[in-house]
Amino acid sequence: MSNQDRREARRRRRDAKRQAHREARRAEHSYDRILDLNVLHRAAHDAAKGVRWKTGTQAYETHLMRQLLATRDKLAAVEDVTMPLRRFDLMERGKLRHIQAAKFPEKVVQKALTTQLIRPVYSPSFTAGNSANMKGRGTKYAMDRLKRQLVRHYRKHGRDGWILLVDFSDYFGSIPHEGVIRQASTYITDPRTMRLITQLVDREDGTHGLGLGSEPSQVFAVAYPNRLDHWLEQQSGCEACGRYMDDTYVIDHDKPRLERALTHIEAEALRLGIRINPRKTKIVKLGHGFTWLKKKWTITDTGRIVVRPSRKAIVRERRKLKKLARQVMEGRMSMVTFRSSYASWRGSLDHLDARRSQRSMDALYLELCDRIEKGNPCQTPPPSPSSSPSSVPAASAPSSRGC
């Protein structure tokens, strides 16, 4: 037997083993799982977290068992479980977001479908660099992974090298329904599950776009460029890569190789029916620093990886803090909510190199607390030499004074 024959035999054994694992997952996570009342009850409990103040949630939980039985009967009969969507727009950092929120009975079905069928079947095929909308793979995971990759690159090449940053334009709004359903059919063979998925996907307006308020849509969006992730990690020849939803990066010492990778990404995006944002897609020299996940990344001469929040994020939080303080003064917000809002934002900086920003924000926070206690209107304090970020004294924890 030649070496080529041995390689072919190993490949066939690997493919057979993988196919057996897929079939085992499909059998374990069948449609019958979401017909279990215990599963639906757990899904209702999880879906209600954080929204129990809403009238629809309270009405559902008031007659919980009756609602669960009605939901199970619809699912068992493979009836249409979709309900009219509540549509509204949000302005997020100057970008208009079209939200399509489902009603609570449908959210219970979406939660059960996602946790019991979609995510367990999809996630084993994801690469290690795919780090969005999965337990244990949030932004912290993605940032730590990129740090390790930059450290490995520095040990080999120093600061010499390039990073390709790729962003998809209107990602959720441009994903074609046909592509999502076709991809789902490669993971799921149960016709009842596929019928339910088709109902949830095709109920969106038009033939393109996934709703931002749908939990299954989050998984579909994470999985849609999965084939591209595998090509970048296994066939492109580049040193490192990763993706968080629609933000992709590729690192390599050879710039022409990154240009070839970009050409392949553009062709694959065209095949998938999604568009690359030419304004945000670029190749940047690592020594100059770059921005990813709205964080400023820098490699120092000694190889230290410095990650700072963007200046826009700090300015936005300062303005927000002053607006919230005015709402507290006017009685439209409680002091507890004001304190919790700032503590939550401040905690997001703990794993960044942002000590100076934290001190300056603490100084503003304590100043606003003093104004609230004294009953003075919350206005921007006049500039002074001591208010510059470099000379702000170390502030105590946010909860150390009146707030």
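The values are calculated or read from the model by the stated rules, or taken from the named source; none is laboratory data. On a predicted model such as this, the values are computed, not experimentally measured, just so you know. Quick reminder, even Gly has a Cβ in these numbers, built from the backbone with ideal geometry, and neighbours come from all protein chains shown. What goes into the accessible areas is simple: the full protein's heavy atoms, side chains included, and nothing from ligands, DNA or RNA. Shrake-Rupley method; radii C 1.70, N 1.55, O 1.52, S 1.80 Å.
Suppose we filter R346, R275 for residues that are charged (D, E, K, R) and under 29 Å from F172 (Cα atoms); which single one remains?
On the way: R346 fails: under 29 Å from F172 (Cα atoms).
Criteria check complete, one pass: R275.
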Tell me, please, whether a residue that is part of a loop (DSSP other than H, G, I, E, B), buried (at least 21 other Cβ atoms within 10 Å of the Cβ), aromatic (F, W, Y) and in contact with a helix residue (DSSP H, G or I) (Cβ under 7 Å, 6 or more places away or on another chain) can be found in the stretch 223-239. yes
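Out of the stretch 262-295, which residues are part of a helix (DSSP H, G or I), of a type in the set (V, I, T) and open to solvent by less than 60 Å² (accessible area, probe 1.4 Å)?
Taking the stretch 262-295 as the starting set, the residues that turn out to be part of a helix (DSSP H, G or I) are 262-272, 286-288.
If we keep only those that are of a type in the set (V, I, T) as well, we get 263, 265.
Residue satisfying the conditions is I265 alone.
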Hits in the stretch 163-203 - residues which are of a type in the set (D, E), modelled with pLDDT under 90 and under 21 Å from the mean Cα position of the chain (by Cα): D170
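Quick check on D46: is it open to solvent by less than 80 Å² (accessible area, probe 1.4 Å) and under 23 Å from T189 (Cβ atoms)? Step through it out loud before you land on a result.
Details: open to solvent by less than 80 Å² (accessible area, probe 1.4 Å): yes; under 23 Å from T189 (Cβ atoms): no.
No: the conditions fail for D46.
Do we find that F168 is in a strand (DSSP E or B) and open to solvent by less than 20 Å² (accessible area, probe 1.4 Å) in this structure? Break it down stepwise before answering.
Numbers: in a strand (DSSP E or B): yes; open to solvent by less than 20 Å² (accessible area, probe 1.4 Å): yes.
Yes, satisfied.
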Which of the residues belonging to the stretch 328-339 are of a type outside the set (K, R), more than 14 Å from E317 (Cα to Cα) and either open to solvent by 70 Å² or more (accessible area, probe 1.4 Å) or in a helix (DSSP H, G or I) (or both)? V328, M329, E330, M335, V336, T337
I need a count of the residues in the stretch 221-272 that are small (G, A, S), more than 19 Å from Y171 (Cα to Cα) and out of contact with any strand residue (DSSP E or B) (no Cβ under 6 Å at 6 or more places or on another chain). 2
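Within the group S310, S357, which residue is exposed (fewer than 14 other Cβ atoms within 10 Å of the Cβ) and under 30 Å from V166 (Cβ atoms)?
Testing whether each residue is exposed (fewer than 14 other Cβ atoms within 10 Å of the Cβ) and under 30 Å from V166 (Cβ atoms) leaves just S310.
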Among T71, T82, T55, the single one that is of a type in the set (S, T, N, Q), open to solvent by 60 Å² or more (accessible area, probe 1.4 Å) and either modelled with pLDDT of 85 or more or within 25 Å of L212 (Cα to Cα) (or both) is T55
Of the residues in the stretch 13-36, those that are at pLDDT 75 or above and open to solvent by less than 90 Å² (accessible area, probe 1.4 Å) come to D15, A16, Q19, A20, S30, Y31, D32, R33, I34, L35, D36
Over the stretch 100-159, the set of residues surrounded by fewer than 16 Cβ atoms within 10 Å (Cβ to Cβ), more than 24 Å from A48 (Cα to Cα) and among the hydrophobic types (A, V, I, L, M, F, W, C) is A128, V151
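Here are K107, K103, K49: which of them is out of contact with any Cys (no Cβ under 9 Å at 6 or more places or on another chain) and at pLDDT below 90?
Numbers: K107 fails: at pLDDT below 90; K49 fails: at pLDDT below 90.
Result: K103 is the single residue among K107, K103, K49 that is out of contact with any Cys (no Cβ under 9 Å at 6 or more places or on another chain) and at pLDDT below 90.
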Search the stretch 171-205 for residues being among the polar types (S, T, N, Q) and open to solvent by less than 60 Å² (accessible area, probe 1.4 Å), and hand back the single one that is nearest to D229 (Cα to Cα). Q183
